[in-house]
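The values are calculated or read from the model by the stated rules, or taken from the named source; none is laboratory data. Predicted, not measured: the structure shown is a model, and the values here were computed from it. FYI the Cβ positions are ideal-geometry reconstructions off the backbone, even for glycines, and counts take in every protein chain you see.
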Amino acid sequence: MKTALIEGKKPPHFDKHIIGNLLLDVAPPAEVRDEPMVIGVRNDAGDIYRVIGAATLNSFMNAVEELFDLGLSDELQDKEEQKDGCDAIFSEP
């Protein structure tokens, strides 16, 4: 999976757990958003500060499971459509 930080957005305290628990390759944001499935992560200010791109459904589901295990919640969990170009958007509850 690929990931990128969004310029000018401050990572939250839990970001170190995301990069520690997921196997991520750093890539430019545009390249990450070109992946078939994209996960956004919000910081304490409510801004998407990190995007994670998954090439396969299996990779996407593994990432979602890891983010849930970190205690984060997905605001798009019960929705069919994307928001802000993301298929899932995680943040602290």
- request: Give the residues of region 23-45 that are hydrophobic (A, V, I, L, M, F, W, C) and in contact (Cβ under 8 Å) with a residue 12 or more places away in the chain, sorted by residue number.
  value: 23, 24, 26, 27, 32, 37, 38, 39, 41, 45
message: Out of the helices (runs of 4 or more DSSP H) lying entirely within region 1-81, which hold 2 or more residues that are closer than 15 Å to residue 92 by Cβ and at pLDDT 95 or above?
response: 15-21, 57-69
query: Is it the case that region 18-32 has a residue that's within 15 Å of residue 82 (Cβ to Cβ) and either within 12 Å of the chain's Cα centre (by Cα) or acidic (Asp, Glu) (or both)?
result: yes
message: Suppose we filter 30, 54 for residues that are crowded, with 19+ Cβ neighbours inside 10 Å and among the small types (Gly, Ala, Ser); which single one remains?
response: 54
